[in-house]
Amino acid sequence: MEGTLRLTPVGHIQSEFPAKFGIPRQSGLAKTKARIVLEGECGNPDVVRGLEGYSHIWLLWGFSETEGAGWNPTVRPPKLGGNVRMGVFATRSPFRPNPVGLSCVRLESVKFLEKGIPVLEVEGADLMDGTPVYDIKPYLPYVDCHPEALEGFTAQVKEKRLEVEIPEEIRLQLREQLSEAQEEALRQILALDPRPGYQDDPERIYGFAYAGMEIRFQVAEDVLTICQVYPSGKKQKDGGEERR
């Protein structure tokens, strides 16, 4: 069809998030670790020549979970409690005319697998494991940074940070399964309040998968408490409940 652009992934991201719930709402909010393995014609060491000189990169990627789900001219941003409609182009909703996302991440290193296949290790990605990456561009501070930029409606509802409490028994479990960096990133993710903006039931137990662990938590009066953790794939213990 005339005017149709076919995008082929240059690679796929490998992250700590096997599902959408729990992923930071924007890139750079938490020090999550991920890596991008380039593939196909881009699995060539020449494509990243000089990239190591940059500290940050832009990722153009696809909302693979919402592809084909349709879209509306207006959406209800979680930041506004799900009660106010805004134009889709005034938001970062995953339900868009074209399911394409844009993230700025820190480039930690450029490595190579067998036959010189490039691997980019990044920090701060807000992408689900297996997300297709369509393009990579260097972040240029002199043109990409605009301190005077206006924030639109998001200026009215700044990110609220929760106090995170981890009982000692659960803290010991986490330390057996997660690295120090992974545990710190988990704290940051939880402090950002992973719940939908319109849910505030202190009795409700939420859960998401992260770094091979299932994390269960409750929130009451701006305090988030982890109530249970266990390796992904294992059945939940009696007494727990997941209601997303």
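The values are calculated or read from the model by the stated rules, or taken from the named source; none is laboratory data. Since the model is a prediction, treat every value here as computed from it, not as a measurement. A quick note on method: Cβ atoms are made from the backbone with ideal geometry, for glycine too, and the neighbour counts reach across all protein chains shown. SASA here: full protein model, heavy atoms, side chains in, ligands and nucleic acids out. Shrake-Rupley method; radii C 1.70, N 1.55, O 1.52, S 1.80 Å.
Looking across region 42-84, the residues that are farther than 19 Å from L127 by Cβ and among the aliphatic types (A, V, I, L, M) come down to V47, V75, L80, V84. In the condition set (1) surrounded by 18 or more Cβ atoms within 10 Å (Cβ to Cβ); (2) over 20 Å from the mean Cα position of the chain (by Cα); (3) farther than 30 Å from E41 by Cα; (4) not aliphatic (A, V, I, L, M), P118 is compliant with all but (3).
Q177 - would you say it is under 21 Å from the mean Cα position of the chain (by Cα), under 19 Å from K20 (Cα atoms) and open to solvent by 20 Å² or more (accessible area, probe 1.4 Å)? Against the criterion (under 21 Å from the mean Cα position of the chain (by Cα), under 19 Å from K20 (Cα atoms) and open to solvent by 20 Å² or more (accessible area, probe 1.4 Å)), Q177 does not qualify. Among the residues of region 151-167, some residue qualifies, meaning at least one is in contact with a helix residue (DSSP H, G or I) (Cβ under 9 Å, 6 or more places away or on another chain) and at positive phi. Scanning region 25-41 for residues that are among the basic types (K, R) and either at positive phi or out of contact with any helix residue (DSSP H, G or I) (no Cβ under 9 Å at 6 or more places or on another chain) (or both) gives a single hit, R35. Does I23 satisfy being surrounded by 15 or more Cβ atoms within 10 Å (Cβ to Cβ), under 13 Å from the mean Cα position of the chain (by Cα) and closer than 18 Å to F95 by Cα? Yes, satisfied.
Of everything in region 33-70 that's assigned to a loop (DSSP other than H, G, I, E, B) and more than 19 Å from M128 (Cβ to Cβ), which residue is most open to solvent (accessible area, probe 1.4 Å)? If you could, list the steps in order and put the result at the bottom.
Kept after step one, since they are assigned to a loop (DSSP other than H, G, I, E, B), are these residues of region 33-70: 39, 43-44, 49-50, 54-55, 63-70.
Filter once more, keeping what is more than 19 Å from M128 (Cβ to Cβ): 43-44, 49-50, 54-55, 70.
Working: G43: 21, N44: 59, R49: 183, G50: 37, Y54: 86, S55: 63, G70: 42 Å².
Selected residue: R49.
Considering each of R195, R204, R243, R216 in turn, give the residue that is modelled with pLDDT of 95 or more and either of a type outside the set (D, E) or buried (at least 19 other Cβ atoms within 10 Å of the Cβ) (or both). Break it down into steps so the answer makes sense when it comes.
Details: R195 fails: modelled with pLDDT of 95 or more; R204 fails: modelled with pLDDT of 95 or more; R243 fails: modelled with pLDDT of 95 or more.
Within the list R195, R204, R243, R216, the selection yields R216.
When restricted to residues that are touching a residue at least 12 places away in the same chain (Cβ under 8 Å) and either polar (S, T, N, Q) or not in a helix (DSSP H, G or I) (or both), region 170-199 contains 12. Mind checking which residues of region 121-135 are within 20 Å of T8 (Cα to Cα), of a type in the set (D, E, K, R) and either assigned to a strand (DSSP E or B) or open to solvent by less than 40 Å² (accessible area, probe 1.4 Å) (or both)? Residue satisfying the conditions is D135 alone. Among (1) within 30 Å of Q218 (Cα to Cα); (2) among the small types (G, A, S); (3) open to solvent by less than 30 Å² (accessible area, probe 1.4 Å); (4) under 15 Å from the mean Cα position of the chain (by Cα), which single condition is G82 missing? Of the numbered conditions (1) within 30 Å of Q218 (Cα to Cα); (2) among the small types (G, A, S); (3) open to solvent by less than 30 Å² (accessible area, probe 1.4 Å); (4) under 15 Å from the mean Cα position of the chain (by Cα), the odd one out for G82 is (4). Is it the case, given these coordinates, that L107 is farther than 30 Å from G70 by Cβ, under 16 Å from the mean Cα position of the chain (by Cα) and not in a helix (DSSP H, G or I)? Spelling it out, L107 is indeed farther than 30 Å from G70 by Cβ, under 16 Å from the mean Cα position of the chain (by Cα) and not in a helix (DSSP H, G or I).
For G101, the criteria (1) out of contact with any helix residue (DSSP H, G or I) (no Cβ under 9 Å at 6 or more places or on another chain); (2) open to solvent by 50 Å² or more (accessible area, probe 1.4 Å); (3) within 30 Å of E180 (Cα to Cα) hold in every case but one, which is (2).
Against the numbered list (1) assigned to a loop (DSSP other than H, G, I, E, B); (2) open to solvent by 40 Å² or more (accessible area, probe 1.4 Å), V143 comes up short only at (1).
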